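Enquirer: Just dropping this structure here.
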Ligand code: NAP
């Protein structure tokens, strides 16, 4: 591996302490990566502060052109990044290429948004004052990302932060720091000034991030990961009243009505369940199928899941790679065992294979009882858990009965009914007759304990900006 050190102020810095990154398909060590400590965090904050002074003063068009160049360069190297993603995360080639493409698109989208930080000028309704509203870069941003999308969860934060004029320090997940490190030479080539983006892998995560969140130069904390860690970060962020952007866990319901087009429902559910091997906050976690079509749906979904080829994601014929690590696989196996003990039926899969690699087969469970743990927690693996319903109000109530509110999926050909259902679902996003909602041009984010703020769309850049209002008379 070429880039395994800390990236601070545009240079590579080694460290006394290092940690191993494992290939989940082979369980072999891929690389030994430098682990940042508090002094490194301070150096990165100093560098980001210096770089941001110049960057924020550049015109939006100048910032836009650097981001556009980053998109061009990354798009020309998708295979390279997809390969790295597969090596450290495990996801199969097509999935990894999809992620690399999605990741690159954030640079293009925010190149376009950088020049559209609209303000407002208007007459005060009851005085001679004019109300002038403008947006300014918020300050240094600390970005913390999970292992399930080693490229996209980073670019989804870096691109809007840079478009807004902010400098950043990114702390990638310890399982998958290599992709983000490999992106840094590309950003240099695109014209990102040294020091503006710093990458600090670390095994002292909690202390390192907490230290940065208490530095008075930091104004934004943008986190993607579990709800538990999100709560901890919100508490830390409270001390300096930072702007928080929190993309947290999910427990997505997927509702298939009896008037759904069955081809669309199967294709959409497969995508919602199996994109990223189910290791996604957006993964369909609870699949509610109308009783009238449940047998056909279960049979066809099981056939589609069984047809997927499991193996090392670097093999182009493989559809499904390994889970990211042993504990994630063990948790998936426990969810299945718990559901079966409570009455669920295994339609396909359900057995941990022998041999190296953290593989788990695509699995379909039917008759999943409401008491099963997988109904209440994120499965984060390739297990489709099917329940049935007959009544629309009842299924909406069951879908909403969770502390999460990231995304829901609805399959129905009756648009009047479908839109009524969408509006009653307490979720930040709904996929209607679609198993994929992620789009750089759309505001991604959840309600309730799935998070605060939005990434992508027009909202994404505003997460890194402060609104200033000037009351003026002339
Ligand atoms: P995680 O355990 O919360 O870790 C995410 C990141 O937080 C990692 O970089 C991790 O570093 C860091 N971290 C852990 N403890 C921390 C602490 N005390 N202070 C500061 N940072 C800390 O989540 P994960 O297991 O990597 O990812 C899976 C979760 O992410 C799922 O719940 C999933 O739903 C959620 N997710 C949400 C979205 C969304 O957009 N809503 C997208 C993707 C994933 P280390 O790796 O060094 O521990």
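Enquirer: Considering only the range 326-339, state which residues are surrounded by 16 or more Cβ atoms within 10 Å (Cβ to Cβ) and out of contact with any helix residue (DSSP H, G or I) (no Cβ under 6 Å at 6 or more places or on another chain).
Expert: Of everything in the range 326-339, those that are surrounded by 16 or more Cβ atoms within 10 Å (Cβ to Cβ) and out of contact with any helix residue (DSSP H, G or I) (no Cβ under 6 Å at 6 or more places or on another chain) turn out to be 328, 329, 331, 332, 333, 336.
Enquirer: Please go through the range 437-451 and give me each residue that is surrounded by fewer than 23 Cβ atoms within 10 Å (Cβ to Cβ), touching a residue at least 40 places away in the same chain (Cβ under 8 Å) and closer than 12 Å to residue 106 by Cα, ordered by number.
Expert: Let us first name the residues in the range 437-451 that are surrounded by fewer than 23 Cβ atoms within 10 Å (Cβ to Cβ), namely 437-439, 441-443, 447-449.
Still in the running and touching a residue at least 40 places away in the same chain (Cβ under 8 Å): 437-438, 441, 447-449.
Listed by number, the residues that qualify are 438, 441.
Enquirer: Right, something else. Name the residue, out of 398, 434, that is closer than 20 Å to residue 271 by Cα and surrounded by fewer than 20 Cβ atoms within 10 Å (Cβ to Cβ).
Expert: On the way: 398 fails: closer than 20 Å to residue 271 by Cα.
Within the list 398, 434, the selection yields 434.
Enquirer: Out of the residues in the range 428-449 that are under 30 Å from residue 133 (Cα atoms) and in a loop (DSSP other than H, G, I, E, B), which is farthest from the ligand (Cβ to nearest atom)?
Expert: Of the range 428-449, the ones under 30 Å from residue 133 (Cα atoms) are 428-429, 439-448.
Next cut, in a loop (DSSP other than H, G, I, E, B) only: 428, 439-443, 445-446.
Numbers: 428: 9, 439: 13, 440: 13, 441: 16, 442: 13, 443: 12, 445: 7, 446: 6 Å.
This residue is 441.
Enquirer: Would you confirm, using the coordinates I've provided, whether residue 260 is part of a loop (DSSP other than H, G, I, E, B), more than 16 Å from the ligand (Cβ to nearest atom) and buried (at least 23 other Cβ atoms within 10 Å of the Cβ)?
Expert: On the way: part of a loop (DSSP other than H, G, I, E, B): yes; more than 16 Å from the ligand (Cβ to nearest atom): yes; buried (at least 23 other Cβ atoms within 10 Å of the Cβ): yes.
Considered against the rule, which asks whether it is part of a loop (DSSP other than H, G, I, E, B), more than 16 Å from the ligand (Cβ to nearest atom) and buried (at least 23 other Cβ atoms within 10 Å of the Cβ), residue 260 comes out as yes.
Enquirer: Which of the residues spanning the range 409-426 are assigned to a loop (DSSP other than H, G, I, E, B) and in contact with a helix residue (DSSP H, G or I) (Cβ under 8 Å, 6 or more places away or on another chain)? Even if it seems obvious, please write down each step before you answer.
Expert: First, the residues of the range 409-426 that are assigned to a loop (DSSP other than H, G, I, E, B): 412-414, 425-426.
Correct list: 412, 425, 426.
To keep it simple, each residue is scored yes or no on (1) in contact with a strand residue (DSSP E or B) (Cβ under 7 Å, 6 or more places away or on another chain); (2) surrounded by 17 or more Cβ atoms within 10 Å (Cβ to Cβ); (3) over 20 Å from residue 11 (Cα atoms); (4) assigned by TED's automatic domain parsing to the domain that holds residue 462.
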{"site": "55", "(1), (2), (3), (4)": "no, yes, no, yes"}
{"site": "61", "(1), (2), (3), (4)": "no, no, yes, yes"}
{"site": "69", "(1), (2), (3), (4)": "no, yes, yes, yes"}
{"site": "101", "(1), (2), (3), (4)": "no, no, yes, yes"}
{"site": "107", "(1), (2), (3), (4)": "no, yes, yes, yes"}
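Enquirer: Then there is this: Checking the condition without any contact (Cβ under 8 Å) to a residue 40 or more places away in the chain and surrounded by 22 or more Cβ atoms within 10 Å (Cβ to Cβ), which residue from 201, 172 passes?
Expert: Working: 201 fails: without any contact (Cβ under 8 Å) to a residue 40 or more places away in the chain.
Just one listed residue meets the conditions, 172.
Enquirer: Quick check on the range 385-392. Is at least one of its residues touching a strand residue (DSSP E or B) at 6+ places or on another chain (Cβ under 8 Å), part of a helix (DSSP H, G or I), away from the ligand (no atom under 16 Å from the Cβ) and at pLDDT 95 or above? It would help to see each step written out before you state the result.
Expert: Of the residues in the range 385-392, the ones touching a strand residue (DSSP E or B) at 6+ places or on another chain (Cβ under 8 Å) are 385-390.
Still in the running and part of a helix (DSSP H, G or I): none.
No, because not a single residue in the range 385-392 is touching a strand residue (DSSP E or B) at 6+ places or on another chain (Cβ under 8 Å), part of a helix (DSSP H, G or I), away from the ligand (no atom under 16 Å from the Cβ) and at pLDDT 95 or above.
Enquirer: For the range 210-229, how many residues meet the condition of being crowded, with 18+ Cβ neighbours inside 10 Å, within 10 Å of the ligand (Cβ to nearest atom) and closer than 23 Å to residue 456 by Cα?
Expert: Residues flagged as crowded, with 18+ Cβ neighbours inside 10 Å, within 10 Å of the ligand (Cβ to nearest atom) and closer than 23 Å to residue 456 by Cα within the range 210-229 amount to 6.
Enquirer: Please go through the range 177-187 and pick out each residue that is more than 21 Å from residue 324 (Cβ to Cβ) and either within 9 Å of the ligand (Cβ to nearest atom) or surrounded by fewer than 17 Cβ atoms within 10 Å (Cβ to Cβ) (or both). First the steps, then the outcome.
Expert: As a first pass, look at the range 177-187 and keep what is more than 21 Å from residue 324 (Cβ to Cβ): 184-187.
Matches in the range 177-187: 185 only.
Enquirer: Next question. Would the range 230-247 turn up any residue that is assigned to a loop (DSSP other than H, G, I, E, B) and more than 10 Å from the ligand (Cβ to nearest atom)? Don't jump to the end; show me each part of the working.
Expert: Within the range 230-247, the first condition is being assigned to a loop (DSSP other than H, G, I, E, B), and the residues that meet it are 241-242.
From what's left, more than 10 Å from the ligand (Cβ to nearest atom): 241-242.
Yes: one or more hits.
Enquirer: Do we find a residue being within 16 Å of the ligand (Cβ to nearest atom) and free of Cβ contacts under 8 Å to residues at least 24 places away in the same chain anywhere in the range 402-412?
Expert: To start, the set of residues in the range 402-412 that are within 16 Å of the ligand (Cβ to nearest atom) comprises 402-409.
Remaining after also requiring free of Cβ contacts under 8 Å to residues at least 24 places away in the same chain: none.
No.
Enquirer: Could you please let me know if residue 50 is in contact with a helix residue (DSSP H, G or I) (Cβ under 9 Å, 6 or more places away or on another chain), in the same structural domain as residue 195 (by TED's automatic domain parsing), farther than 15 Å from residue 151 by Cα and surrounded by fewer than 24 Cβ atoms within 10 Å (Cβ to Cβ)? If you could, list the steps in order and put the result at the bottom.
Expert: On the way: in contact with a helix residue (DSSP H, G or I) (Cβ under 9 Å, 6 or more places away or on another chain): no; in the same structural domain as residue 195 (by TED's automatic domain parsing): yes; farther than 15 Å from residue 151 by Cα: yes; surrounded by fewer than 24 Cβ atoms within 10 Å (Cβ to Cβ): yes.
No; evaluated as a whole, the condition is false for this residue.
Enquirer: Please work out if residue 287 is modelled with pLDDT of 95 or more, more than 14 Å from the ligand (Cβ to nearest atom) and either assigned by TED's automatic domain parsing to the domain that holds residue 173 or surrounded by 24 or more Cβ atoms within 10 Å (Cβ to Cβ) (or both). If you could, list the steps in order and put the result at the bottom.
Expert: Numbers: modelled with pLDDT of 95 or more: yes; more than 14 Å from the ligand (Cβ to nearest atom): yes; either assigned by TED's automatic domain parsing to the domain that holds residue 173 or surrounded by 24 or more Cβ atoms within 10 Å (Cβ to Cβ) (or both): yes.
Yes: the conditions hold for residue 287.
Enquirer: Exactly one of (1) within 16 Å of the ligand (Cβ to nearest atom); (2) under 23 Å from residue 324 (Cβ atoms) is unmet by residue 207. Its number?
Expert: (2)
The values are calculated or read from the model by the stated rules, or taken from the named source; none is laboratory data. Values in this document were obtained by computation on a predicted structure and should not be read as measured data. A quick note on method: Cβ atoms are made from the backbone with ideal geometry, for glycine too, and the neighbour counts reach across all protein chains shown.
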